[in-house]
1. Where the only charges are on Cβ atoms (+1 Lys, Arg; -1 Asp, Glu), what is the dipole of the stretch A:1-54 about its Cα centre, to the nearest 20 debye?
2. Note down the Stokes-Einstein diffusion coefficient of the stretch B:16-77 in µm²/s, whole number, using a Kirkwood radius over alpha carbon pairs, 10 °C, and 1.306 mPa s.
3. Sort B:51-61, B:221-231, B:172-182 by packing, meaning the average of other beta carbons within 10 Å per residue, with the highest value first.
4. Using a/c under 1.5 as the rounded threshold, could you call the stretch A:1-61 rounded, prolate or oblate? The axes a ≥ b ≥ c are square roots of the C-alpha gyration tensor eigenvalues, and prolate needs a/b larger than b/c, oblate otherwise.
5. Normalised by the residues of the stretch A:50-159, what does the relative contact order come to in percent, with Cα pairs under 8 Å and at least six apart?
6. List the residues, sorted by chain then number, that are 5 or more residues from residue B:10 or on another chain and whose placed amide H is less than 5 Å from its amide H.
7. Looking at B:304, B:277, B:267, which one has the Cα that reaches farthest to the positive end of the dipole of the stretch B:261-310 (charges on Cβ: Lys, Arg +1; Asp, Glu -1)?
8. Pairs of alpha-carbon atoms within less than 8 angstrom and 6+ residues apart define the contacts here; what relative contact order does the stretch A:40-79 have, in percent?
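Rule-based calculations on the coordinates, nothing more; no lab input. Source: prediction; values computed, not measured. As a convention, Cβ positions derive from the backbone with ideal geometry for all residues, glycine included, and neighbour counts pool all protein chains shown.
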Amino acid sequence: MKVLVPVKRVVDFNVKVRVKSDNTGVDIANVKMSMNPFDEIAVEEAVRLKEKGVATEVIAVSCGVAQCQETLRTAMAIGADRAILVETTEELQPLSVAKLLKALVDKEQPGLVILGKQAIDDDCNQTGQMLAALCDLPQATFASKLEIADGRAKVTREVDGGLETVSISLPAIVTTDLRLNEPRYVTLPNIMKAKKKQLEVFKPADLGVEIRPHLKTLKVMDPPKRSAGVKVPDVATLVAKLKNEAKVI
Amino acid sequence: MTSLVVAEHDNASIRGATLNTVTAAAQCGGEVHVLVAGYNAAEAARQAAQIAGVAKVIHAEGEHFAHGLAENVAAQVLAIAGNYSHILFPATASGKNIAPRVAAKLDVGQISDVTKVDSPDTFERPIYAGNAIAIVQSLDEKKVITVRTTGFDPAAATGGSASIETATAVPDSGKSKFEGNEIAKNDRPELTAAKIIVSGGRALGSAEKFNEVMTPLADKLGAALGASRAAVDAGYAPNDWQVGQTGKIVAPQLYIAAGISGAIQHLAGMKDSKVIVAINKDPEAPIFSVADYGLEADLFTAIPELVAAL
C-alpha cells in the first residue's frame with residue numbers, strides 16, 4: 001500500500017508574525033519557514049506504517065513555490081521514499097490544493113492519504129476533508145490513533161466531548177491531531193540520504209488543474225489589543241476585585 | 001437569499017453552538033432554516049423549531065445519521081443545498097469535519113472560523129493563531145461557512161415557532177462506520193459554553209495534582225475545566241480540555257489560568273475572555289500581558305487559598 005503525505009511550507013510556529021503596514025497581509029519576508037507541525041506528524045505516521053510493514057512506499061507531496069523542495073527534503077529525511085512538488089507561484093487556497101492532490105491520488109492510487117488537520121498559517125482546516133469529497137473517499141479527521149487491518153482503517157478521533165472511534169474502508173483520507181505521535185528528530189545521515197531521493201516537479205497545468213481563487217483578501221488587520229491589567233498582591237485582593245470591580249463572581 | 005444552519009445535536013437536544021450559528025446566519029440576511037439530520041431526532045428537531053429567528057426546520061431521519069458521520073451528513077446537506085445562498089456550520093469538531101466536504105462538492109471555497117459578518121459576502125476571520133484578522137470576500141455564489149461561536153451571541157433557544165418539514169434521507173455511504181466513543185460524563189458546563197473556566201498548565205506537574213488542585217476550584221465556581229497544550233501533552237488532562245489555536249476557542253466571562261505561561265497558541269484560544277486572571281510564580285510569564293488580574297504566586301498555595309476565600 002502506498003501512502004501519500006501532503007506537506008505545507010508555513011511560517012515557523014515560533015515566529016510571531018506582524019501585519020504589514022499597508023494591511024495587505026502579514027510580513028513573511030526573511031521569516032523562518034518550516035513544515036507545518038501537523039504535517040510533520042502525518043509524515044511520521046506514514047513512515048511508522050512503512051516500518052511496521054503496512055505501507056510499501058511513502059510519497060511526500062507539496063504544492064507551492066520552488067522553496068517547498070526544502071520542506072519535501074525534510075519529509076524525506078524523516079523517511080518518505082520520494083517526493084512530488086506541484087510548483088506554482090499563484091496563491092493556493094484549500095480547494096485548489098485539494099484539486100491538485102486529487103489529480104495525484106488518481107495518478108499514484110495510494111491506499112491512504114495522511115494530512116495535517118490544519119495549517120498554522122491560514123488555520124483553515126479544510127484540505128483533507130475537501131480531498132476526501134473530491135475523491136469520494138471516507139475520511140477520519142483529527143486522528144489520535146490509527147490502525148490498519150483487513151482493508152480498513154480504525155481511527156480514534158479527538159472530538160469535542162472526548163474521543164470517538166470510526167472504522168473506514170480503504171482507500172481513505174486521515175488528518176492528524178497533535179497526540180497521534182511525536183515526530184522523530186531528523187539526523188544528519190538521513191538529511192544526506194534525503195538529498196539523493198527522487199523529487200519530481202509538476203506544474204498545475206501538467207495535472208490538468210486550473211488554479212482559481214474563491215476568496216479575496218480585502219484587508220489584514222491587527223487583532224484588538226488586550227492590555228495588561230494590574231498585579232494583585234494576594235488572594236484576598238483578587239477575590240475582592242473579582243467581586244466588586246469585575247463583578248464576575 | 002436564504003441561509004441553512006446545519007445543527008449540531010445529540011438527537012435528543014440541540015447543542016449550544018447551533019444557537020450562535022443561527023445568529024451568524026441571520027446576519028447574512030434573509031430567512032434562516034435549520035437542518036437536523038439524526039436518528040430518533042424528533043426532539044432535537046422540535047427544539048430547533050423553537051430557536052428564535054428560525055423560519056423552517058428540515059428534519060432528515062436515518063440510523064446512519066446517529067453519530068454525525070461526515071460522509072452521510074455532508075450528502076444530506078448537498079441534497080438540499082440548491083435552495084440556499086449560505087450554508088453555515090458551527091466551527092466545532094463536528095462542523096469542521098463536515099463543512100469542507102460540502103464546499104468541495106459544490107466547487108466553492110469555505111470561509112473557516114468566521115468571527116464577524118460584514119456583509120452577505122464579506123467576513124472577518126482570524127489567521128496565524130489570531131495574530132491577524134483577515135477580511136475576506138467570497139467570490140462564489142454559494143457561501144459555505146464555519147462560525148466561531150465566541151464571535152456571535154447565542155440566539156434565544158425558545159420563542160420561535162418554525163415549521164418542521166421532513167426531508168428524504170440520503171442513503172448510507174457505507175464507507176464509514178461508527179465504532180464507539182469515550183465521552184467524559186460529568187455535571188460541569190461544556191467548555192465552549194461555560195461562563196467560568198479554570199485552566200491548568202504544566203506547572204501542575206501530574207494528573208493527580210491537576211485533579212487535586214483544580215477540581216475543587218472548578219466545583220466552587222461551577223466552572224468548566226480547561227488545560228494548556230503542555231498539560232494535555234504531558235497527560236495531566238484529557239485532550240478535549242485543550243484550550244488554544246488547535247484546541248477549543250473559548251470566551252467565558254471569567255478565565256482563570258493557573259500555572260500556564262501563555263504561549264501564543266494558548267492565548268489564541270482564550271484572549272477574548274471578558275476577564276482573565278493569571279496565577280503564576282514566574283513574573284515574566286507572557287500570560288500576565290493579557291491578564292486583567294495577575295497574581296504572582298505558587299499555585300499550590302494560591303488555589304487552595306482561593307477556594308477557601310470564595
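1. Rounded to the nearest 20 debye, it is 60 debye.
2. 131 µm²/s
3. Going from most to least packed, we get B:221-231, B:51-61, B:172-182.
4. It is prolate, given that a/c is not under 1.5 and a/b is the larger ratio.
5. Once normalised by length, the contact order is 18 percent.
6. Placed amide hydrogens put B:15 under 5 Å from residue B:10.
7. Looking along the dipole axis, the top candidate is B:267.
8. For the stretch A:40-79, the relative contact order is 45 percent.
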